[in-house]
Structures are given as structure tokens and as C-alpha cells.
1. For the range 290-310, state whether one or more residues are touching a His at 6+ places or on another chain (Cβ under 6 Å) and open to solvent by 10 Å² or more (accessible area, probe 1.4 Å).
2. Restricting attention to the range 400-421, which residues are open to solvent by less than 40 Å² (accessible area, probe 1.4 Å), of a type in the set (S, T, N, Q) and assigned to a helix (DSSP H, G or I)?
3. Mind checking which residues of the range 326-347 are in contact with a Pro (Cβ under 6 Å, 6 or more places away or on another chain) and surrounded by fewer than 17 Cβ atoms within 10 Å (Cβ to Cβ)?
4. Taking into account only those residues within the range 349-380 that are surrounded by 14 or more Cβ atoms within 10 Å (Cβ to Cβ) and touching a residue at least 60 places away in the same chain (Cβ under 8 Å), which is farthest from Gly321 (Cα to Cα)?
5. Among the residues of the range 37-59, what is the count of those that are closer than 21 Å to Trp250 by Cα, assigned to a loop (DSSP other than H, G, I, E, B) and in contact with a strand residue (DSSP E or B) (Cβ under 8 Å, 6 or more places away or on another chain)?
6. I'm told Ala79 meets every condition in (1) of a type in the set (A, V, I, L, M); (2) within 30 Å of Leu425 (Cβ to Cβ); (3) buried (at least 20 other Cβ atoms within 10 Å of the Cβ) except one. Can you identify the failing condition by its number?
7. Only one of these conditions is not met by Val221: (1) farther than 22 Å from Ile324 by Cα; (2) within 21 Å of the chain's Cα centre (by Cα); (3) open to solvent by 20 Å² or more (accessible area, probe 1.4 Å). Which number is it?
8. Among the listed residues Ala60, Ala48, Ala53, which satisfies the condition of being in contact with a Pro (Cβ under 8 Å, 6 or more places away or on another chain), under 30 Å from Leu227 (Cβ atoms), at pLDDT below 90 and open to solvent by 10 Å² or more (accessible area, probe 1.4 Å)?
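The values are calculated or read from the model by the stated rules, or taken from the named source; none is laboratory data. Just so we're clear, the structure is a prediction, and the values are computed from it rather than from any experiment. Every residue, glycine as well, gets a Cβ built from its backbone with ideal geometry; the counts of neighbours run over all protein chains shown. To get the accessible areas, we keep the full protein, side chains included, count just its heavy atoms, and leave off ligands, DNA and RNA. Shrake-Rupley method; radii C 1.70, N 1.55, O 1.52, S 1.80 Å.
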Amino acid sequence: MRASDSNSKFAVVIGGSMAGLLTARVLSDHFAHVTVLERDKVGDQPEARKGQAHTKHLHALLAAGFEVMTSYFPDLPEALAEGGAILEDMPLGIRWYGFGGYRKQFKSGLIGLMTSRPFLEWQIRQRVQALPNVTLLDECAVDSLLTTGGQDQVTGVRYTRRGEMGTVHELHVDLVVDASGRGSSAPKWLEVMGYGKPAESTVKVNVGYATRIYRRQHGDVEGAFALIASPDLPDGRRAGYAFPVEGDRWYMTLSGHAGDYPPTDEEGYLAYARSLPAPDIYNLIRRLEPLTDIVPYRYPASVRRHYEKMARFPEGFLVLGDAICSFNPVYGQGMTSAALQTKALERLIAARGTAGIARPFFKEIAKIVDIPWQLSVGEDFRFPETEGKKAPGTDLINFYVEKVHRATQVDTTVYQQFLQVMNLLAPPSSLMKPRMMWRVFRAVRALRKQGAARMEWTEVADPGR
């Protein structure tokens, strides 16, 4: 059903961040009009809004997510590059330390995007707002859902706008999609309507960030365009990331698991960088000119809401994005998961329309969420402080995946497949095939013979800035 065939059908999307914008793009092909209601004030520029605490920090868009976005907006890669975003071969350009050594750098053909979240979201928002049948209303707080008398059908939303004292608006539509993020009110609304709340899976990770933006100049890093230092397990809790973004800037994020949070004072921040298991980020920070203050962020727990397990669900209402599953942001899965969910929504509406869509939609979304959830939660359970329900076999899988990590230091075939899985382009089972396992254990044996268990930490001389 294209927009031209949809007659008087209308839809509303709650939330104007990435998940909401991509949802609006999908619905624009199937509804006469789509309205996006965003709580924050939205300007016509890249910006981190009040309700987006994590937007000031480093973001990663996995290759699968970028593919979805490009399918919606074919001119997006060119526009991002023209605006200064970095699109480069991922394993060739990232110097990535982890599990006792550096992953092997090589040309793979897998292009990675490095840009700030505000710039990427602005590019998407411009394109969505240019659609003739999409309207974005900012400073709107959705207070409740409108329903039929029997509450078996959602018929719209009730909302207020900042600055309009006491005025309550009602928007009557055929479909409401909640893409409002981790703080979604959907569980509360459903409980009030008599449907109960969705079951939740919670994994407490107590991850903390501290991010600062620095000026970037040609030649800051030789032989790479980005740096990663992952924790040296089992004892390490600290990681660091240096990614180039538009505007000739570095996004520098230091992170700590299990409450080992990086400080926000100048001396403490530098000392934390020096404590990383590899020297690259510390040596880089010491030479750079800071452009911002150090901004902290705390992420206590990953939360997954199991709407697919609910016995009943009202017609005319769906939930999507972080409102369904909020992943540990260290692994950069959130935007990609949301994009894949919107693609599933697109397929289902094209195949069957929106009547009775909730149950098949949530079943499909559960399958999409399963893989990134298992990948991230599995990694989190490497830290003994992690709290939550650990799936049977997690320790055995982690034992093997540790070997995969080490194998990427010498075997480009293993590294290539690891990146395919990490970018949600291939299933984790692809790393378990007999020939791949043979390559993994052969590489680990070779490393053992080379005695390459741990690199030597080398601090460069102070450049005297």
C-alpha cells in the first residue's frame, strides 16, 4: 500500500530521534500523513538535545544499519562525506588493541562510517522533513493514548506543547508507533489499559563514560584513522576510543565497566588514559588541543522488554527501538538495531497492511534483537561484577570467542568474519563453522609460539605543548 493508495490513513510516531525518524520514513510510503511528536526543541542544525544524554558521546553505526539508512536515502553517504564524515575501510584504518595484542590491519572492503551522532541525525532529519506527507512537531509531550471504549484499539494520542499553558491536544490516527527511547511510557499505558506490562530482562553493567572533543589535524596518527584500546581481561575494566568526525575533530571517549568510571578533571582524565592497556590514546591526547569540557555519562543496565511474550496487545499500536531494547552503548548496536527494526516494519506493512500487525511484528523484532543482545550481554558477562540472568553456555561461548579475538591479531580471514558478525551482517554461528574454528585455533597456537601474549606499553616523549 503506497501513500497514494492509503486514502485518509494517518499515523503518529512518538519520538523524533533516529528510531522515530526512520519509522516516519517507512510509514510515509503507506500513510497519507505521518506526524512525529518530539519532546525536545528541534533546531535546523546538528545538535545534542536535552533528552539525548548519550548524544554528546561517541557513537558507532554498524554496517548493517548504514545499509538500511542508505536504502532509505541513497544520497546519504555522499552528503555525509561532503560534510566531513569519515568513510574508510574499517580494519585497514582502525588500530585496535585487545586481548593482549593489536588486531591485524588489512584492506577488507568493509566501509565504516565515523561521524558525530548529531550530524548523522541532522542529515536523516532533513530528509525526513522534506517528505511532503511528514510533519515534525517539537516540544510535544505525549501524556496518554486515545482508545476505543473497549480499549482494544489505540486511536491516537493526547499531548501538550511547551509554552501552551493548560492546552491539551488530541491527535486521532490509524497507527501509533512509540519510538520514544529507553524512558518509554508504553509499559505504563498498557498496564492502565488492562494489558499488563511486558516482561523485562535486565543486565546490570554499571558502565561509565567521559568524553572530550579535540581539534584534529593531518598527521595526528600515523598508519590509522581511529584508535581503540579494549580492556585486558580478566582484570582490566578500562577502555578508550579515539574516532575522527566531521569538522576536523576527534571524539575521545574513555570508558570503564563495573563502576570503574573515568574522572572529569584534567589531571584525572589524562591519568585514566595512561592506565589503558595500550599507549596510543594517551600519547595522542597529550598532543591535542581540547575544544570542549569533559562530559560524563553513566549507563547502569541494559534493558530488554519482551512485548513478543504479551498475551494480548491493542490494535493500532507498536513499540520500536530503544523502547524495546536498550543495549550497553559500548558495543554501538542501538542505531543499527533500530534501523533493522524499521526495515522489518516496512516488510510487514507491505505484505499485510497494519491490521493485526502487532503479534507478527513483535515476533520479528524479537528475532532481530536476539543477536545483538546475545553478543553484548555475552561480552558483559566476561566481567564478574555483571548482574543478571546468564544464558546457559555463556562461559563456554566466551572461552571460544576469546580465541576468536586473539586470532584476529594474525588471521585476516577470521578478522573479516568477526567484523561481519560484529556489524550484524552475518550470524554468530558463522564463527563456529568447522573450517573457521580450525583457523581460530591454528592462529592461537601460532601466537603462543611467537610469545605474543602481551605488547609492551611505550610512552612517547612529551611534545612540550
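1. There is at least one residue in the range 290-310 that is touching a His at 6+ places or on another chain (Cβ under 6 Å) and open to solvent by 10 Å² or more (accessible area, probe 1.4 Å).
2. none
3. Listed by number, the list is empty, since nothing qualifies.
4. Ranking the candidates gives Asp380 first.
5. So the answer is 2.
6. Tallying (1) of a type in the set (A, V, I, L, M); (2) within 30 Å of Leu425 (Cβ to Cβ); (3) buried (at least 20 other Cβ atoms within 10 Å of the Cβ), Ala79 fails exactly one: (3).
7. (2) is the only condition that Val221 fails.
8. None of the other options fit; the residue is Ala48.
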